[in-house]
Amino acid sequence: NMKGQGRNGFCEYDGELQSEYIQKLKLRDRLKKAIAEEALTVHYQPIVNAQTGEINKLEALVRWHDDVEGDISPVAFIPIAEKYGLIKQVGAFVLHQACRDLKKLHDAGHTRLSISVNRSVKEFINSSDELQVWEVIEQYGLPDKSIIVEITESTASQESSDIQSLLGYFKQRDIQVALDDFGTGYSSLSAVVELRPDIIKIDRGFIKELGSSQDSLTLVSLIIDLSHKLGIKVVAEGVETKAQLDILRELKCKYVQGFYFSKPVPLDTFMAQLKTR
Ligand code: C2E
Ligand code: MG
Ligand code: MG
Ligand code: MG
C-alpha cells in the first residue's frame, strides 16, 4: 500500500468521482424503469391573479416516487434524464398528462384555465418539438391559447437562435411561451426584447429576498415595469408570505405562485381547491 502518497490522494478522489458516477447510472436505470412502469405522476400548482385571488393558470410539475429511494426531486432527475436521453419520454408523458387533466378541468366548466408545462431545451433541439406539442393539443381538443410552454432563461440564452425559431413556431399558433426562473441567467435586456415571450416568471430567489434586500426589490420592480412596457405578463414564483404578496401587489405584479397559496398537489386536490374558492 502506498499510504500518504500523492498518488493515493488522487485515487481517493477518483473513487469519489466513480461512486458519484455509479449513483447517476443507478438513478438512470431506476428512471428508465419508472418510465416503463408509468410510475411518474404530475402535480399541479395554482397560478393566482394577485389582485382578485382567482386561479388563472396551473403549472404541471413532474413527480417521481421510488419504492426504495422515496420521493426523488425533479431537480435531481431531470438533469439525469437530459444527460441519458430520457428527457423526451419524460416530456411526452408530462405533456399528455397535463393536457388530459386540463381537458377534465375544461369539461368540468373551468374553461378559462390554461396550463404551464416545463420543457427542456434538449427536448426540442432537432426534434420538431413544436409538432409534438401541436399534435397532443389537438388530440385532446384543447385551444392553443390554453397551453403555455415554460423554458428556463439560462437555456434560452444559450441556444438563442434555436429558441428564436421555436418561439416563432409557437407564436404562429396561439401557444404561449414563458421564460422561467427569470433573473438567474445572463440574458441581456435586448435578448428579452427579441425573444418577446408571452410571460416572464421571476425566479423565487428574488421573491424570497423582497422584504430584506433593497437590490432584490429594485430588480423585481424593474422586471415588472420592463415586462409591462413590452406587453409581457409577469408571474412571481415562490410567494410564501402575505408580506411578499403585499409588496408584489404594490409593484403591480399581476400573477403570483407559491406555497402561500398552495404547494403542487394531485389533480383531485387541485379540483377541490377550485371549489372552495
Ligand atoms: P420550476 O419550473 O421553476 O418550478 C417551480 C419549483 O418551485 C417547483 O419545484 C415548485 O414546487 C417550487 N415552488 C413553488 N412554490 C414555491 C414556494 O413558495 N417556495 C419554494 N421553496 N418552492 C416553491 P419542483 O416541482 O421540485 O421542480 C423543480 C424544477 O424541476 C422546476 O422548476 C423545473 O425546472 C423542473 N421540472 C419540474 N417538472 C418538470 C417537467 O415536467 N419537465 C421539465 N423539463 N422540468 C421539470
Ligand atoms: Mg416552471
Ligand atoms: Mg421557476
Ligand atoms: Mg426551473
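Given the Cα-Cα distance of residue 24 and residue 83 and 0.36 nm per residue of separation, how much length would full extension add, in nm?
Additional length available on full extension: 20.2 nm.
Loop-only check: which trypsin sites (Lys or Arg not before Pro) in the stretch 159-207 are DSSP coil with at most 16 other Cβ within 10 angstrom?
Answer by residue number: 173.
With a Förster radius of 35 Å, plug the Cβ-Cβ distance of residue 68 and residue 139 into 1/(1 + (r/R0)^6) and report the FRET value to the nearest 0.05.
0.50
Could you give the length gained by full extension between residue 240 and residue 268, i.e. 0.36 nm per residue of separation minus their alpha carbon distance, to one decimal place?
Computed gain between residue 240 and residue 268 is 7.8 nm.
Would you mind counting up the charge near residue 148? Only other residues with Cβ under 12 Å from its Cβ, with Lys and Arg at +1 and Asp and Glu at -1.
Here the count lands on -1.
Accessible area per residue of the chain at 1.4 Å probe, in Å²?
53 Å²
Treat each spin label as a single point 7 Å out from the Cα along the C-beta direction, and report the residue 188 to residue 225 distance in nm.
That separation, rounded to one decimal, is 2.2 nm.
Counting each DSSP H run of 4 or more residues in the chain as -39500 (n - 2.57), what helix-only mean residue ellipticity at 222 nm follows after dividing by all residues, to the nearest 500 deg cm²/dmol?
-16000 deg cm²/dmol
What do the square roots of 5 times the Cα gyration tensor eigenvalues come to for the stretch 167-277, in whole Å, largest first, as semi-axes of the equivalent ellipsoid?
On the way: eigenvalues 114, 87, 26 Å².
Working through the eigenvalues yields semi-axes of 24, 21, 11 Å.
If I build a Gaussian network model for the chain, linking alpha-carbon pairs within less than 10 angstrom, which residue out of 164, 18, 51 has the largest mean-square fluctuation?
18
Go ahead and set up a Gaussian network model of the chain, Cα springs under 10 Å, then flag whichever of 30, 100, 196 fluctuates most.
30
Ignoring ligands, DNA and RNA, what percent of the accessible area of the stretch 161-277 is carbon or sulfur (1.4 Å)?
Looking at the stretch 161-277 in its full context, I get 53 percent from C and S.
Once the Cα atoms of helix 74-83 and of the chain are each reduced to a long axis, what angle between those two axes, in degrees from 0 to 90 to the nearest 10, is obtained?
Around 70 degrees separate the two axes.
If you line up the long axis of helix 214-229 against the longest principal axis of the chain, both from Cα atoms, how many degrees apart are they, to the nearest 10?
50 degrees
Modelled label-to-label distance, residue 276 and residue 92, 7 Å Cα→beta-carbon offset: nm?
Result: 3.8 nm between the two label points.
Taking the 0 to 90 degree range and rounding to the nearest ten, how far is the long axis of helix 129-139 tilted relative to the main principal axis of the chain, both from C-alpha atoms?
The answer is roughly 60 degrees.
With a 10 Å cut-off between alpha carbons and a GNM built on the chain, which of 68, 256, 136 moves the most?
Between 68, 256, 136, it is 68 that shows the largest mean-square fluctuation.
From the cross-link list 57/171; 104/171; 103/275; 208/275; 201/263, which pairs have alpha carbons spaced over 27 Å apart?
As for pairs spanning more than 27 Å Cα to Cα, those are 208/275.
Gain in length, residue 103 to residue 174, computed as 0.36 nm per residue apart minus the alpha-carbon separation, to one decimal in nm?
Difference between extended and current length: 23.8 nm.
Net charge near residue 71, counting Lys/Arg +1 and Asp/Glu -1 over other residues with Cβ under 14 Å of its Cβ?
Net charge around residue 71: 0.
Leaving ligands, DNA and RNA out of it, work out the accessible area of residue 28 with a 1.4 Å probe and give it in Å² to the nearest 10.
60 Å²
Would you pull out the residues with amide H under 5 Å of residue 47's amide H, same chain only if 5 or more places away, H placed 1.01 Å from N?
When sequence neighbours closer than 5 places are left aside, the close amide H contacts are 56, 57, 58, 59.
Which value does Rg/Rh take for the chain over its C-alpha atoms, Rh per Kirkwood?
With Rg and the Kirkwood Rh in hand, the quotient comes to 1.02.
Specify which residue in the list 161, 193, 265 is farthest towards the positive end of the charge dipole of the chain, using unit charges on the beta carbon of Lys, Arg (+1) and Asp, Glu (-1), about the Cα centre.
265
The values are calculated or read from the model by the stated rules, or taken from the named source; none is laboratory data. This structure is a prediction, so every number in the text was calculated from the model and none was measured. All Cβ positions, even for glycine, are placed from backbone atoms using ideal geometry, and neighbour counts span all protein chains on display. Remember, those area values only see protein heavy atoms, side chains included, never the ligands or the DNA or RNA. Shrake-Rupley method; radii C 1.70, N 1.55, O 1.52, S 1.80 Å.
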